[in-house]
Amino acid sequence: MARAAKARKAYAAKAGTAPGGVRGGSYGWLQGLVCGAVMAFATPVAVLVGVLLMPALAAILFDKQPGRPVARAVALGGVAFTLAPLWHLIEGGGGVAAALDVLADPAVTAPAWLAGASGWALCELLPVLLRGLASMNAQARLAALEAEEKALRAAWDLDEG
(Lines give C-alpha, C1' and ligand atoms only; values in the text may rest on other atoms or scores of the structure.)
Protein backbone atom coordinates (compact mmCIF):
# COMPACT_ATOMS: atom_id res chain seq x y z
CA MET A 1 0.00 0.00 0.00
CA ALA A 2 2.75 2.43 0.90
CA ARG A 3 4.58 1.56 -2.29
CA ALA A 4 1.49 2.43 -4.41
CA ALA A 5 1.03 5.76 -2.63
CA LYS A 6 4.69 6.60 -3.15
CA ALA A 7 4.43 5.70 -6.86
CA ARG A 8 1.33 7.93 -7.24
CA LYS A 9 3.16 10.86 -5.63
CA ALA A 10 6.21 10.34 -7.86
CA TYR A 11 4.01 10.17 -10.97
CA ALA A 12 2.11 13.30 -9.90
CA ALA A 13 5.37 15.17 -9.28
CA LYS A 14 6.68 14.10 -12.70
CA ALA A 15 3.44 15.09 -14.47
CA GLY A 16 3.32 18.45 -12.70
CA THR A 17 0.13 17.73 -10.80
CA ALA A 18 -0.63 17.76 -7.14
CA PRO A 19 -1.43 14.39 -5.49
CA GLY A 20 -5.14 15.30 -5.52
CA GLY A 21 -5.10 15.59 -9.33
CA VAL A 22 -5.22 19.41 -9.52
CA ARG A 23 -2.83 20.69 -12.16
CA GLY A 24 -1.35 24.20 -12.04
CA GLY A 25 -3.71 25.50 -9.37
CA SER A 26 -2.75 29.17 -9.32
CA TYR A 27 -1.92 29.58 -13.03
CA GLY A 28 -5.52 30.35 -13.99
CA TRP A 29 -5.83 32.83 -11.15
CA LEU A 30 -2.63 34.54 -12.23
CA GLN A 31 -3.90 34.86 -15.80
CA GLY A 32 -7.13 36.37 -14.53
CA LEU A 33 -5.21 38.81 -12.35
CA VAL A 34 -3.04 39.96 -15.25
CA CYS A 35 -6.07 40.29 -17.55
CA GLY A 36 -7.94 42.32 -14.93
CA ALA A 37 -4.95 44.58 -14.34
CA VAL A 38 -4.57 45.24 -18.07
CA MET A 39 -8.27 46.01 -18.41
CA ALA A 40 -8.17 48.35 -15.41
CA PHE A 41 -4.94 50.22 -16.05
CA ALA A 42 -4.41 49.92 -19.82
CA THR A 43 -7.91 49.81 -21.24
CA PRO A 44 -7.03 51.42 -24.61
CA VAL A 45 -4.25 48.90 -25.14
CA ALA A 46 -6.52 46.02 -24.14
CA VAL A 47 -9.26 47.18 -26.51
CA LEU A 48 -6.87 47.60 -29.43
CA VAL A 49 -5.03 44.32 -28.88
CA GLY A 50 -8.24 42.43 -28.15
CA VAL A 51 -9.90 43.47 -31.39
CA LEU A 52 -6.84 43.11 -33.61
CA LEU A 53 -6.06 39.67 -32.19
CA MET A 54 -9.66 38.43 -32.26
CA PRO A 55 -8.81 35.72 -34.85
CA ALA A 56 -6.03 34.47 -32.57
CA LEU A 57 -8.42 34.30 -29.63
CA ALA A 58 -10.87 32.29 -31.75
CA ALA A 59 -8.06 29.97 -32.87
CA ILE A 60 -7.02 29.42 -29.25
CA LEU A 61 -10.57 28.42 -28.38
CA PHE A 62 -10.95 25.99 -31.28
CA ASP A 63 -7.45 24.49 -31.56
CA LYS A 64 -7.30 21.33 -29.48
CA GLN A 65 -4.02 19.91 -30.79
CA PRO A 66 -1.11 19.60 -28.38
CA GLY A 67 1.00 22.73 -28.57
CA ARG A 68 -1.79 24.55 -30.46
CA PRO A 69 0.13 24.97 -33.73
CA VAL A 70 -2.74 26.63 -35.60
CA ALA A 71 -3.33 29.12 -32.80
CA ARG A 72 0.37 29.94 -32.75
CA ALA A 73 0.46 30.62 -36.48
CA VAL A 74 -2.67 32.78 -36.32
CA ALA A 75 -1.35 34.70 -33.31
CA LEU A 76 2.04 35.25 -34.94
CA GLY A 77 0.42 36.65 -38.07
CA GLY A 78 -1.89 38.88 -36.05
CA VAL A 79 0.83 40.16 -33.73
CA ALA A 80 2.95 41.17 -36.72
CA PHE A 81 0.26 43.65 -37.77
CA THR A 82 -0.74 44.66 -34.23
CA LEU A 83 2.56 46.03 -33.00
CA ALA A 84 2.66 49.18 -35.17
CA PRO A 85 -0.86 50.42 -34.28
CA LEU A 86 -0.19 49.58 -30.64
CA TRP A 87 3.09 51.53 -30.74
CA HIS A 88 1.38 54.55 -32.30
CA LEU A 89 -1.40 54.42 -29.71
CA ILE A 90 1.03 54.30 -26.80
CA GLU A 91 3.31 56.99 -28.25
CA GLY A 92 0.33 59.24 -28.94
CA GLY A 93 -0.90 58.85 -25.37
CA GLY A 94 -4.40 58.14 -26.65
CA GLY A 95 -7.28 56.87 -24.61
CA VAL A 96 -10.13 54.56 -25.46
CA ALA A 97 -11.51 57.03 -28.02
CA ALA A 98 -8.17 57.04 -29.85
CA ALA A 99 -8.07 53.23 -29.77
CA LEU A 100 -11.56 53.08 -31.26
CA ASP A 101 -10.53 55.60 -33.93
CA VAL A 102 -7.58 53.39 -34.84
CA LEU A 103 -9.86 50.35 -35.00
CA ALA A 104 -12.34 52.19 -37.21
CA ASP A 105 -9.69 52.38 -39.93
CA PRO A 106 -9.97 49.29 -42.17
CA ALA A 107 -6.31 49.76 -43.16
CA VAL A 108 -5.43 48.77 -39.58
CA THR A 109 -7.96 46.05 -38.81
CA ALA A 110 -8.03 44.25 -42.16
CA PRO A 111 -4.28 43.45 -42.41
CA ALA A 112 -4.19 42.07 -38.86
CA TRP A 113 -7.18 39.83 -39.47
CA LEU A 114 -5.95 38.80 -42.93
CA ALA A 115 -2.56 37.89 -41.49
CA GLY A 116 -4.30 35.69 -38.93
CA ALA A 117 -6.41 34.13 -41.68
CA SER A 118 -3.25 33.51 -43.69
CA GLY A 119 -1.67 31.73 -40.72
CA TRP A 120 -4.77 29.55 -40.42
CA ALA A 121 -4.78 28.83 -44.16
CA LEU A 122 -1.12 27.86 -44.08
CA CYS A 123 -1.73 25.39 -41.26
CA GLU A 124 -4.83 23.89 -42.87
CA LEU A 125 -4.02 23.94 -46.58
CA LEU A 126 -0.27 23.45 -46.72
CA PRO A 127 -0.34 19.83 -45.45
CA VAL A 128 -3.01 18.97 -48.04
CA LEU A 129 -1.00 20.57 -50.84
CA LEU A 130 2.22 18.87 -49.75
CA ARG A 131 0.47 15.48 -49.58
CA GLY A 132 -0.90 16.01 -53.10
CA LEU A 133 2.51 17.00 -54.44
CA ALA A 134 4.14 13.98 -52.81
CA SER A 135 1.49 11.71 -54.33
CA MET A 136 2.00 13.22 -57.80
CA ASN A 137 5.78 12.85 -57.40
CA ALA A 138 5.39 9.20 -56.38
CA GLN A 139 3.13 8.49 -59.36
CA ALA A 140 5.59 10.13 -61.75
CA ARG A 141 8.47 8.15 -60.26
CA LEU A 142 6.45 4.91 -60.53
CA ALA A 143 5.65 5.63 -64.18
CA ALA A 144 9.34 6.30 -64.90
CA LEU A 145 10.37 3.06 -63.20
CA GLU A 146 7.76 1.08 -65.13
CA ALA A 147 8.98 2.63 -68.40
CA GLU A 148 12.56 1.76 -67.49
CA GLU A 149 11.50 -1.79 -66.65
CA LYS A 150 9.74 -2.11 -70.01
CA ALA A 151 12.81 -0.77 -71.84
CA LEU A 152 15.13 -3.19 -70.02
CA ARG A 153 12.84 -6.14 -70.74
CA ALA A 154 12.80 -5.20 -74.42
CA ALA A 155 16.57 -4.71 -74.51
CA TRP A 156 17.28 -8.06 -72.86
CA ASP A 157 14.53 -9.94 -74.74
CA LEU A 158 12.83 -11.07 -71.55
CA ASP A 159 9.40 -12.64 -71.95
CA GLU A 160 6.58 -11.43 -69.76
CA GLY A 161 5.09 -14.79 -69.16
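The values are calculated or read from the model by the stated rules, or taken from the named source; none is laboratory data. Every value quoted in this text rests on a predicted model; they were computed, and no experiment measured them. We place every Cβ from the backbone using ideal geometry, glycine too, and count neighbours over all the protein chains shown.
Can you name every residue in the stretch 1-33 that is hydrophobic (A, V, I, L, M, F, W, C), assigned to a helix (DSSP H, G or I) and modelled with pLDDT under 85?
Hits for the stretch 1-33 are Ala2, Ala4, Ala5, Ala7, Ala10, Ala12, Ala13, Ala15.
Quick one: count up the residues across the stretch 73-94 that are crowded, with 17+ Cβ neighbours inside 10 Å and in a helix (DSSP H, G or I).
Filtering the stretch 73-94 for residues crowded, with 17+ Cβ neighbours inside 10 Å gives 73-75, 77-79, 81-82, 85-86, 89, 94.
Okay, now just the ones that are also in a helix (DSSP H, G or I), so 73-75, 77-79, 85-86, 89.
Final tally of qualifying residues: 9.
Condition first: modelled with pLDDT of 95 or more and either in contact with a Gly (Cβ under 7 Å, 6 or more places away or on another chain) or of a type in the set (A, V, I, L, M) (or both). Now tell me which residues in the stretch 135-161 satisfy that.
Matches in the stretch 135-161: Met136, Ala138, Ala140, Leu142, Ala143, Ala144, Leu145, Ala147.
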